[in-house]
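Participant: Handing you this structure, nothing more for now.
The values are calculated or read from the model by the stated rules, or taken from the named source; none is laboratory data. In this text the structure is predicted, and so the values were computed from the model without any measurement. Ideal geometry is used to build each Cβ from the backbone, glycine not excepted, and the neighbour counts take in all protein chains shown.
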Amino acid sequence: MSAHPRRSAVVPVRFAPDERTRLYDQAKATGLSLSALVRAAALALEVKPRRPVLDTELLHLLASASNNLNQIAHGLNAARQRSFSQIDWPQLEASLKAAAGSLNDLAERTRYDR
């Protein structure tokens, strides 16, 4: 039995004529078949995963929610320095609802089961 597995899967690859000539020359110089040369080069290549494409609309929703939450935190921290009785409760409620709405929209848009 051979030490190498039977290679029966074919991967079509296109090259420009000058690239093909270079590959043949490299294969001849190294004593490898063209298939062995291309296989060795391709498998030795360290491939880095592609960065995901950013969805600007989703980033906008996240930024909006973050901004609302930051405003709430800032207001609560300022009120803690004074008196909680000075908090603008209707404004706080509106900010919380806006942040919750943005986060709900974001969660709905990023669900995997849609």
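Participant: Which members of segment 66-96 meet the condition of being closer than 28 Å to Ala107 by Cα and loosely packed, with under 12 Cβ neighbours inside 10 Å?
Facilitator: Residues satisfying the conditions are Ala73, His74, Asn77, Trp89, Pro90, Glu93.
Participant: For segment 1-59, which residues satisfy the criterion of being part of a helix (DSSP H, G or I) and under 30 Å from Ala99 (Cα atoms)?
Facilitator: As a first pass, look at segment 1-59 and keep what is part of a helix (DSSP H, G or I): 17-30, 34-44, 56-59.
Matches in segment 1-59: Thr56, Glu57, Leu58, Leu59.
Participant: OK, next. Considering every residue within segment 29-41, establish whether at least one is on the phi > 0 side of the Ramachandran plot, free of Cβ contacts under 8 Å to residues at least 12 places away in the same chain, loosely packed, with under 10 Cβ neighbours inside 10 Å and not basic (Lys, Arg). Spell out how you get there, then give the answer.
Facilitator: Step one: of segment 29-41, the residues on the phi > 0 side of the Ramachandran plot are 31.
Of the ones still in play, those that are also free of Cβ contacts under 8 Å to residues at least 12 places away in the same chain are 31.
With loosely packed, with under 10 Cβ neighbours inside 10 Å added as a condition, the list becomes 31.
In the following step, the residues that additionally are not basic (Lys, Arg) were identified as 31.
Yes: segment 29-41 contains one or more residues that are on the phi > 0 side of the Ramachandran plot, free of Cβ contacts under 8 Å to residues at least 12 places away in the same chain, loosely packed, with under 10 Cβ neighbours inside 10 Å and not basic (Lys, Arg).
Participant: Here's another thing I want to ask about it. Taking Ala79, is it part of a helix (DSSP H, G or I) and modelled with pLDDT under 75? Quick ask: steps written out before the conclusion?
Facilitator: Values: part of a helix (DSSP H, G or I): yes; modelled with pLDDT under 75: yes.
Yes: the conditions hold for Ala79.
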